[in-house]
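**Student:** Mind looking over this structure? Questions follow.
The values are calculated or read from the model by the stated rules, or taken from the named source; none is laboratory data. Worth saying up front: this structure is predicted, and the values here are computed from it rather than measured. Methodologically, a virtual Cβ is constructed for each residue, glycine included, from the backbone with ideal geometry; neighbour enumeration extends over all protein chains shown. These area figures cover heavy atoms from the full protein model, side chains too; ligands, DNA and RNA do not enter into them. Shrake-Rupley method; radii C 1.70, N 1.55, O 1.52, S 1.80 Å.
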Amino acid sequence: MKIIQAKKIKDSNWEFNTSNTNLENPLVLVFGNRYMLEEAGLYNEVRSFFPEGHFIFGSTSGEILEENVYDNSITLTAIEFEKSSFTVVNENVEDYQDNIQSLGTALVNKIPKEGLRHIFIVSEGSTVNGSELISGMELELDKSVAITGGLCGDDARFEKTLASYNQTPKEGEVVAIGLYGDDLEISCANHGGWTTFGPERVITESKGNILYEIDGLPALDLYKKYLGDKAKELPQAALLYPLNVKFPESKESLVRTILNIDEEKNAMILAGDVPEGSKVQLMMSTVDDIAEGASIAAKNAMKDRKSDPELALLVSCVGRKLVMDQRTEEEIEEVVEAIGNKAMVTGFYSYGEMAPFEGQNSACQLHNQTMTLTLLSE
């Protein structure tokens, strides 16, 4: 596996970690600030570096490269697989009339299944129901194939997100990368570091990822009551106080953050499903807890690996970044300490993370407020 990385800080030139840009048929991951991805000529500019490249773009709430976290930048990671192969497919939410499950199914049906080992997702993040996307993909996918990835971000603005494959980044795109090869070792894990507080309540009215009532009361009113003065800063303020959701008849719980609010319907739109009958509790965290959570995720991803990772794809939640503030890089440092310094690190801060539960190799879930790792080597 050959890897070249570069970054471009706003109003600066590209900086490469090596002058050797001669890669054959590389997979090129470009993560960046949404405003910078919208700049005219960007696509042609990066394609000039790798004319044979397969380019996947995604807007972020912060860019991860090596042990650093950047804002107002674009990062580029070009990967040449020497013993393995990949395929890239894409769909757009506008073509599915809000039937995101069908989009997920269509996406997987475009991916050749023979020899498929893993799927990594870079999805638009402002409107998609991540739970339905995953559900639709798994309908047509062998259980031995794991899914990881994330929902694109837009800092804490929640205005719009961008993604694309081999074209200028645009709204609504969902991109899937299929990875193949017997020599390819892939491991993944995720962990949070958040704790619950306050009373446990029951969701009494919801539809998909829209939450209307908790304990028979308007959900948004109840949430605003807990936030107090911070309610004026919604939906951004919700990133500091996500919801812990225990699904009916399930031992597992998931964290859900609020992507937007509907004042007229007194409702909250979340990144994934919140089924009626689920129990919910507010959550909070500290800088140290989040850093420890990242360390646990990294150690879990390293369990039972036969070789050191060469590439680490990190997807962490924008809510974690807001809590950590100027100490955000500490969670990346914890990851690097756990996985070793041989791996090239890239990734982004997201509106949602995709990974199986700890200890499971498949059955992907949409998470919020976690550090998610996908480690690769040949």
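**Student:** Confirm whether THR18 is of a type in the set (Val, Ile, Thr) and exposed (fewer than 15 other Cβ atoms within 10 Å of the Cβ).
**Tutor:** yes
**Student:** Still on this structure: Of these, VAL318, VAL323, which one is in contact (Cβ under 8 Å) with a residue 60 or more places away in the chain, of a type outside the set (Asp, Glu), surrounded by fewer than 24 Cβ atoms within 10 Å (Cβ to Cβ) and under 16 Å from GLY62 (Cα atoms)?
**Tutor:** Being in contact (Cβ under 8 Å) with a residue 60 or more places away in the chain, of a type outside the set (Asp, Glu), surrounded by fewer than 24 Cβ atoms within 10 Å (Cβ to Cβ) and under 16 Å from GLY62 (Cα atoms) holds for just one of VAL318, VAL323, which is VAL323.
**Student:** Here's a follow-up. List the pairs whose first member sits in region 117-146 and is within 19 Å of SER164 (Cα to Cα), whose second member is open to solvent by 50 Å² or more (accessible area, probe 1.4 Å), and whose Cβ atoms are under 6 Å apart, counting only residues at least 6 apart or on separate chains?
**Tutor:** The qualifying pairs are SER126/LYS160.
**Student:** Any idea which of GLU378, GLU358, GLU331 is at pLDDT 95 or above and within 27 Å of ASP142 (Cβ to Cβ)?
**Tutor:** GLU378
**Student:** Now for a separate question. Can you tell me how many residues within region 137-161 are over 30 Å from GLY115 (Cα atoms) and open to solvent by less than 10 Å² (accessible area, probe 1.4 Å)?
**Tutor:** 3
**Student:** Which members of region 59-88 meet the condition of being farther than 19 Å from GLU45 by Cα, touching a Leu at 6+ places or on another chain (Cβ under 6 Å) and buried (at least 24 other Cβ atoms within 10 Å of the Cβ)?
**Tutor:** Within region 59-88, ILE64 is the sole residue that qualifies.
**Student:** Further, regarding this structure: Can you name the residue in region 210-246 that is of a type outside the set (D, E, K, R) and more than 27 Å from the chain's Cα centre (by Cα) and is also nearest to VAL280 (Cα to Cα) among such residues?
**Tutor:** ILE214
**Student:** Inside region 182-209, can you point out the residues that are over 23 Å from the mean Cα position of the chain (by Cα) and buried (at least 18 other Cβ atoms within 10 Å of the Cβ)?
**Tutor:** If the condition is that a residue be over 23 Å from the mean Cα position of the chain (by Cα) and buried (at least 18 other Cβ atoms within 10 Å of the Cβ), then ARG201, ILE203, SER206 are the ones that fit.
**Student:** From the list GLY293, GLY272, exactly one residue is part of a helix (DSSP H, G or I) and either open to solvent by less than 10 Å² (accessible area, probe 1.4 Å) or β-branched (Val, Ile, Thr) (or both). Which is it?
**Tutor:** Selected residue: GLY293, the only one of GLY293, GLY272 that is part of a helix (DSSP H, G or I) and either open to solvent by less than 10 Å² (accessible area, probe 1.4 Å) or β-branched (Val, Ile, Thr) (or both).
**Student:** Somewhere in region 44-64, is a residue touching a His at 6+ places or on another chain (Cβ under 7 Å), part of a strand (DSSP E or B) and of a type in the set (A, V, I, L, M)?
**Tutor:** no
**Student:** Can you pull out the strands (runs of 3 or more DSSP E) entirely within region 309-378 that have at least 2 residues that are of a type outside the set (A, V, I, L, M, F, W, C)?
**Tutor:** Result: 344-350, 352-356, 364-367, 371-377.
**Student:** Kindly indicate whether ASP304 is within 28 Å of THR196 (Cβ to Cβ) and modelled with pLDDT under 95.
**Tutor:** When the stated conditions are applied, ASP304 does not pass them.
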